[in-house]
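Structure record follows, encoded as structure tokens.
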Amino acid sequence: MIDNLVMGFGVSLSFQNLIYCFAGCFLGTVVGVLPGLGPVATIAMLLTLTYKLDVTSSIIMLSGIYYGAQYGGTITSVLLKIPGEASTVVTVIEGYEMAQQGKAGKALGIAAFGSFIAGTIGTIILSLLAPPLSELALKFGPPEYTSLMLLGLTLVIYLGSKSISKAILMGAVGLALGVVGLDPVSSYERFTFGSQSLTDGIDMAILAMGLFGIGEILYMAEAASSRSSPYRVKCPDTLRELLPDRQDWKRSLKPIGRGSILGFLLGILPGGGAVIASFASYALEKKLTLYPQDFGKGAIEGVAGPESANNAAASGAFVPLLTLGIPSNVVMALLVGAFMIHGVTPGPFMLKEQPQVFWGIITSMYIGNMILLVLNVPLIKFFVKIIEVPYAILSVLIVFICLIGAYSIHNNSVDILLMIIFGALGYVMRKFEYEPAPLMLAFIIGPLLEKSLRQSLIMEQGNPMIFITSPISAGLLLVTALFVFSPLLMKLIKSQRAAVLLQQVRKSASEAD
Amino acid sequence: MWSSLALLAFGLLVAFGATRLSVWRGDEPRQGFFPLLIAVVIVCLSLLNLIRSLALIRSQERRPQEKRHWHAGLGRVLTYLVLMLLYFALLDKAGFLITSVLFLAVMLKHTERQTWNTTATIGLLAVATGYGLFVYLLKVPLPKGLLASFL
């Protein structure tokens, strides 16, 4: 393991990769500060740039944007009562209260240090877990992969979506869009309508920029007039104001530890991730605190725990990506796309065949967490200034970047038209409350899912029992079925309980008569 | 209701396309198998949603305010879309520099109501940065269009 880390640091500490790591962390923090523009849209826009970079540098930069955004979202949550990211919503509750009591510096400081500790713990666990998990994944054949991808899709749909039927529909549409182009098994052309451009399928970067970049901008453009000006508290002036004191550390260390472990475990789960981790950590700290009277009024545990959890979850999300090649959320799905742009398939074989890429990415996360601590502690005033840039200007610039970015993929202006169409689709989807995340995830893993499904059936001469006879596959399918049928089961249990209660009430009423 | 109908139509289209391919041969699923499976899921769920929507309409639970909310702000969205489509239409003919300057000028001044100073500063800075980044750093040959003989 030490040899692997040394090799990894050799890759990540190169001047080029340090620059890209810094760029990713800086951009991620900026993106985290800006409400409405998340890491998904930013990564989607920057995918086109990564065509020109090597695979390690691309993933290092894009990963930096992802975990950097968790830091950035905290700044606006504490100072402006605006959560920069969904995963920092819960920080508003305690963080803004602390800021109103003149403790903004302590809130930001403990969030930055807690995030650094949690991110580092998460990366250490990732370094330890990745090799044995990759070994286990080598035992996975097509049936196991099919069931695992099905479970992953199901969890993303059930855990991360408001309307399950709409999310399933979007997942199915994503799978359908993934079918365009060459069949992954027999290379037969499908749904290309004779177009040469569609032979390679719909470009993932175009779809991502359209749905998440342009779609989001159109949706925000519609709501432009109703945007209210943010609350504001005094920004910390000196570094000293940002340093937590002994009492703050005493109250925060255990929440940071718990948040790190909880966040990492929830980050591994498809559909889990930073948002659920931060809420779960807040709920846990509220239950375990020795100072329950402080919660809702500026409890530092309510900042330390969730902020640690969301950063640890960002590390945890890399586990299924790097070891199994399965994305656990939309950002990871975009990273799968970035890998594929460079002809690299993430997963257990990457560890064996391209260990320098694998360990380079993991070690860059150690470096990234240090860069983020250095960036966030003294540069808070700069990041707060960014939110003063009128959204009107930002939205125009984002559209402009997307337009050039779309053209630059194949030097073809038809890609711009496709992106605009997907952008309009993304806007309409948001209006009708259909989430684009399941669509994107399904689009990216669709070809992999189809390949392993058909290979499994070919192996068993068309007999679907192969998915049950394999113990790993059967176990994964059982968990999937539990999630699929759990709403129905809950309804049944509730209606049975209601029927029993009604019977009891009728009985006591008749006895009273 | 309309979204369910659109998805139902999409599902039927995919099913039609899938059946024109070979679905199964002997013991093997063929290239039409997976698309047909997906199409069945889309059609079934869309029908379910459609039935639910129709039941909702019939029970008169729809609030009239929802329609007004749908149209408010649509003008800005359409403006953005039209300007982006014009960018696409002009890019190859007029070239990156001219098209981008025009696009940013109209977007910032007309759509987002910025001052001429802001429009000129942001617009020129954005075009210059975009040109430098894509042409010199990333070596992407952006179209020269009408300025081909000068660049």
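The values are calculated or read from the model by the stated rules, or taken from the named source; none is laboratory data. These numbers come from a predicted model, not from an experiment. Note that each Cβ is placed from the backbone with ideal geometry, even for glycine, and that neighbours are counted across all protein chains shown.
A few comments on the model shown:
- Helices (runs of 4 or more DSSP H) wholly inside the stretch B:74-151 containing at least 3 residues that are among the small types (G, A, S): B:74-94, B:116-131
- Count of residues meeting criterion [outside any strand (DSSP E or B) and either at the interface with another protein chain (Cβ under 7 Å from one of its Cβ atoms) or free of Cβ contacts under 8 Å to residues at least 12 places away in the same chain (or both)] in the stretch B:17-32: 7
- Odd one out for A:I19 among (1) within 14 Å of chain B (Cβ to nearest Cβ); (2) touching a residue at least 12 places away in the same chain (Cβ under 8 Å): (2)
- Taking the stretch A:92-111 as the range and being surrounded by fewer than 24 Cβ atoms within 10 Å (Cβ to Cβ) and among the hydrophobic types (A, V, I, L, M, F, W, C) as the test, the residues that pass are A:V92, A:I93, A:A104.
- A:I214 being of a type in the set (V, I, T), surrounded by 21 or more Cβ atoms within 10 Å (Cβ to Cβ) and within 11 Å of chain B (Cβ to nearest Cβ): yes
- Candidates are the residues of the stretch A:400-438 that are among the hydrophobic types (A, V, I, L, M, F, W, C) and at the interface with another protein chain (Cβ under 7 Å from one of its Cβ atoms); the one that is farthest from B:Y136 (Cα to Cα) is A:F432.
- Selection within the stretch B:78-98 - at the interface with another protein chain (Cβ under 9 Å from one of its Cβ atoms) and either buried (at least 18 other Cβ atoms within 10 Å of the Cβ) or closer than 19 Å to A:Y391 by Cβ (or both): B:T79, B:Y80, B:L81, B:L83, B:M84, B:Y87, B:F88, B:L91, B:F96
- Residue within the stretch A:32-52 that is free of Cβ contacts under 8 Å to residues at least 40 places away in the same chain and surrounded by fewer than 21 Cβ atoms within 10 Å (Cβ to Cβ) present: yes
- Qualifying residue in the stretch A:480-498 (condition: modelled with pLDDT of 90 or more and in contact with a Leu (Cβ under 7 Å, 6 or more places away or on another chain)): no
- Within the stretch B:105-115, not a single residue is of a type in the set (G, A, S), out of contact with any Phe, Trp or Tyr (no Cβ under 6 Å at 6 or more places or on another chain) and facing another protein chain (nearest Cβ under 9 Å).
- Test: residue in the stretch A:412-423 that is in contact (Cβ under 8 Å) with a residue 40 or more places away in the chain, surrounded by fewer than 23 Cβ atoms within 10 Å (Cβ to Cβ) and assigned to a loop (DSSP other than H, G, I, E, B): yes
- Filtered residues of the stretch A:123-179 (kept if surrounded by fewer than 24 Cβ atoms within 10 Å (Cβ to Cβ), within 13 Å of another protein chain (Cβ to nearest Cβ) and over 21 Å from the mean Cα position of the chain (by Cα)): A:P142, A:S165, A:L177
- Being crowded, with 21+ Cβ neighbours inside 10 Å and either away from chain B (no Cβ under 12 Å) or of a type in the set (D, E) (or both) holds for only one residue in A:L441, A:L478, A:L453, and it is A:L441.
- Just one of the numbered conditions (1) of a type in the set (A, V, I, L, M); (2) over 30 Å from A:P436 (Cα atoms); (3) at pLDDT below 85 is not true of A:I268: (2).
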